[in-house]
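Read through the structure below, which is laid out as structure tokens, and then see the notes.
The values are calculated or read from the model by the stated rules, or taken from the named source; none is laboratory data. Note that the structure is a prediction, hence the values are computed from the model and not measured. Here the Cβ positions follow ideal geometry from the backbone for every residue, glycine too, while neighbour counts run over all protein chains shown. The area values use the complete protein model at the heavy-atom level, side chains included, leaving out ligands, DNA and RNA. Shrake-Rupley method; radii C 1.70, N 1.55, O 1.52, S 1.80 Å.
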Amino acid sequence: MKEVVKDPEKKQAMIEASLKLFGNKGFAATKMEEIALEAGVSKGLLFHYFGNKTNLYLETYEYARQFFYQQINPAVWASSNDFSEMVEQSMRYKLGLQIKYPLEFNFLFYCMGEIQQLPEKIKSQLSEKMQEEYQVTIQLITPVLDRIKIKAPYTRDDVLRVLYFVVQGETEAIQKEMNRHPEWVSLEQLEPMVKRMKTSLTLVQNGFLKE
């Protein structure tokens, strides 16, 4: 089959349109013709480049997550003295990126929220990608984990499991709050939520660290 020659600028316009519309409306509610109109291309060209909406969604996800990886500064995580400080610093960092790059981050958060409603092909591929992302997270927090002393009988896996659920829950709460307040454009406006997350992590941390 002959390879499709793609204009980089047109493809980028299509990806950005997908980020915006999928990130605002989700997979099911977004039509290919809407994306084509937003990108300033024909519907036929959009299908020529991506084949179908499923492929476009998956490629948009891959673009967004690679964009996120490029912004990561491991020192933000590694320089922390404990988990609560690490989460506080990393959350401020990620929220700052979200304010700076709303298209990419809004899409990623919307995607996580609708994953159970997505077609099986998308859901299975995203689940695999999210497992890879979990491993990236483990790499980021390992320097801090190596420095702390965990109280018996708890293990590193216990700590990671609890940490994951606390951060996941607080992150979802923050995203819902941000969706209700699109006018928030500075970290100062998000500071109360960052402090709330730190309080949650401090409570957990004091339960498993040696005195």
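Compute the helix-to-body angle for 187-208: its Cα long axis versus the longest principal axis of the chain, expressed 0 to 90° and rounded to tens.
Once rounded, one gets 50 degrees.
Can you sort LYS123, LYS20 by solvent-accessible area, 1.4 Å probe, largest first?
LYS20, LYS123
Keeping the other protein chains in place, figure out the carbon and sulfur percent of the accessible area of the chain, with a 1.4 Å probe.
Exposed carbon and sulfur together represent 54 percent of the surface.
Quick check on the range 64-189: take the gyration tensor over C-alpha atoms, sort the square-rooted eigenvalues as a ≥ b ≥ c, and tell me if it's rounded (a/c under 1.5), prolate or oblate.
Here the range 64-189 falls in the oblate category.
Please report the relative contact order for the chain, taking Cα pairs under 8 Å with a sequence separation of at least 6, and give it as a percent rounded to a whole number.
After rounding, I find 25 percent.
Quick check: the angle from helix 83-100's long axis to the longest principal axis of the chain, C-alpha only, nearest 10 degrees?
So the inclination is approximately 20 degrees.
Using only the alpha-carbon atoms, how far is helix 120-147 inclined from the longest principal axis of the chain? Give it as 0 to 90 degrees, nearest 10.
30
Round to the nearest 0.05 the FRET efficiency obtained for GLU85 and MET130 when R0 = 25 Å and r is the Cβ-Cβ distance.
After rounding, the FRET efficiency stands at 0.45.
Tell me the per residue accessible area of the range 35-124 using a 1.4 Å probe; a whole number in Å² is fine.
On a per-residue basis, the range 35-124 sits at 46 Å².
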